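The values are calculated or read from the model by the stated rules, or taken from the named source; none is laboratory data. All values reported here derive from a predicted model rather than from experimental measurement. A quick note on method: Cβ atoms are made from the backbone with ideal geometry, for glycine too, and the neighbour counts reach across all protein chains shown. Surface areas here come from the heavy atoms of the whole protein model, side chains and all, with no ligands, DNA or RNA. Shrake-Rupley method; radii C 1.70, N 1.55, O 1.52, S 1.80 Å.
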Amino acid sequence: MASFVEISRYNLIPLSVTSLCGCPCRLLSNKTLIPTRRTPKLKLNFVFHGSKSVFRVRPTSIYVNRRLITAVARAEPESIDESNAEEEVDQGTVLPTTKDSFSELQHKSSQLRKRIVFGLGIGISVGGAVLAGGWVFTVALAAAVFLGAREYFELVRSRGITAGMTPPPRYVSRVCSVICVFMPILTLYFGNIDISVTSAAFVVATALLMQRGNPRFAQLSSTMFGLFYCGYLPCFWVKLRCGLAAPALNTRIGAGWPFLLGGQAHWTVGLVATLISFSSIIAADTYAFLGGKAIGKTPLTNISPKKTWEGAIVGLGGCIATSVVLSKIFSWPASLVSAIAFGFLNFFGSVFGDLTESMIKRDAGVKDSGSLIPGHGGILDRVDSYIFTGALAYSFVKILLPLYGV
C-alpha cells in the first residue's frame, strides 16, 4: 500500500494509513492516500480512491506534532528509511522557527538603525545648542523640560502607580508642566529662582488642599517631586552653561575659534564644563551597556535587573577616562585629580538619575516613559542621566574647585 503525509511545504513521507488510525478495521487497506495542504500548521486533508471505485471522505483536519510523525515514520521501515524520516520531520519543525528568528532579527536590526539615526540627530542638535548657549540652549532645555514633565505626570497617573495612591488632578499636572517650562527661562534671566520655585510650590499645594473631595498626601508629594525633578533640577544646566561666563583662557580650541562666532571669549568655563559633563555621561551609559553585555553577571539593584556591577565598573572607567582626555584637550580643569573627581561625579549623577527613572517606570508598570523618540522611548528615557548630574557638575565647578584651588 502506498500512502503519503505532507510535512512543511512540499516534502512527502510515505506511511501506512493504518498506522495513523488505531481502529482495527481494514476497510482502507488498499487505498491510496492523496494529501492536500491547507495551512503550514500540518493540517492534513485526505481523499481515498481505489482500483475499482472512488471512495471520498469529507476533508478532515488532523493536527500532528513531531512525536506522532516520527513514531509513524519509524513504524514503516519498509517504506522509508528512519534517518530520512527524522530529517524530514526536523525540516518540517525547524522552518517556522527559522522564519520567526529571521523576522525577529529583522525587527532588531530595524530598531538598531532607528536608535543610531535618531541618536545621531539628537546628539548633533544638542551639541549645537550647547555651543550656541544663551537663549538657544535655554529654549531647547525648556522644550525638553515640558515634554519630560508631561511624561512624568502621565506616569504618575498610570494604573501601576494609581493602584497604591491617588494621583493629582489632571489640571494640576498641566499647570505644573507649564511652571516647569518657565523655570529654565527665569533662571537665565534672574540667575536664581529659589523664591519663584517656592512661590509656585505654595500655589500648587494650596490648589491641591482646596480641591473638592478628600485631598491626599500622595497627591501633594508626587506633585512637589514633579516640580523638583522635572523643573528645578534641569535649571542647573542653565546655571552651568550660561551662568559661568569666565573665559577658559588656556583652551587651545578657543584660540582658533572664528571671530564671527564669538572668538576666544565664546569658550567659557561653563561651555567647557558642560561639554565635558555631557560627553562623560554619554561615555558612562555606553561603556556600562557594553560592559554589562560582555561580562555582566552580578545584578546592581532590583530596581533595574539588567544593570550589573560589572557594567557599572566599566562605565565608571569609561566616564573617568573621557573626563581626563577632554580635560587635556580643553586644558580644564588644570589638575588630573580634578578631572578624575569631575568624571566620578558625572558618573554618580548619571547612575542615580537612571535608577530614579527606572523606579518610577517600574511602579507605573511600563517599559518606556513614552514613545516620542523612535527606537529610544520617551524623552525621560534619554535625559534621565542628566537630571541630577547638572546640580553636581555646577556645585563642583562653582564651589569645590575654588574652595580647594585644584
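Here each label is just a point 7 Å from Cα along the line to Cβ, and for Phe118 and Leu261 those points are 2.9 nm apart.
Please give me the summed charge of the neighbours of Tyr232: other residues whose Cβ is under 13 Å from its Cβ, Lys and Arg +1, Asp and Glu -1. Taking every other residue near Tyr232 into account, the sum is 0. The range 279-337 and the range 200-214 have Cα centres lying 42 Å from one another.
Potential lengthening of the chain between Ala334 and Thr356 amounts to 4.6 nm, from the contour at 0.36 nm per residue minus the alpha-carbon distance. Each residue of the range 254-267 is assigned a 3J(HN,Hα), and the resulting list reads x, 5, x, 6, x, 5, 5, 9, x, x, 5, 5, 5, 8 Hz, derived from the Karplus form 6.51 cos²θ - 1.76 cosθ + 1.60 (θ = phi - 60°), x at Gly and Pro. Near Val314: Cβ cut-off under 14 Å, other residues only, Lys/Arg at +1 and Asp/Glu at -1. The net charge is +1.
Sorted from longest to shortest, the spans of the Cα atoms of the range 263-405 along the three principal axes equal 47, 32, 26 Å. The residues Lys398, Lys361, sorted by heavy-atom accessible surface at 1.4 Å with ligands and nucleic acids left out, run Lys398, Lys361 from largest to smallest. Taking 0.36 nm per residue of sequence separation and removing the Cα-Cα distance, the Thr162/Ala218 pair yields an extension gain of 19.2 nm. Over all Cα atoms in the range 111-243, the spread is summed up by Rg and Dmax: 16.8, 50 Å. Counted by Cβ distance under 13 Å from Pro168, the other residues give a net charge of +3, where Lys and Arg count +1 and Asp and Glu count -1. Debye-formula intensities of the range 286-365, expressed as log10 I(q)/I(0) at q = 0.22 Å⁻¹, are -0.95 (one equal scatterer per alpha-carbon, no solvent).
Taking all protein chains as they are arranged and a probe of 1.4 Å, the heavy atoms of Arg150 leave approximately 110 Å² accessible to solvent. For the cross-link pairs Lys108/Lys293; Lys108/Lys367; Lys239/Lys293; Lys114/Lys293; Lys114/Lys328; Lys328/Lys398, the ones whose C-alpha atoms lie over 27 Å apart are Lys239/Lys293; Lys114/Lys328.
Taking the empirical scaling 2.2 N^0.38 Å for compact globular proteins as reference, the range 320-366 has a Cα radius of gyration ratio of 1.59.
Put a dot 7 Å past the Cα of Ser110, heading toward its Cβ, do the same for Asn192, and the two dots end up 5.4 nm apart.
Note on Phe228 and Asp368: with the Förster distance fixed at 30 Å, the Cβ-Cβ geometry gives a FRET efficiency of about 0.85. With q set to 0.16, 0.18 Å⁻¹, the log10 of I(q)/I(0) for the range 256-319, from the Debye formula over equal scatterers at the Cα positions, is -0.59, -0.65.
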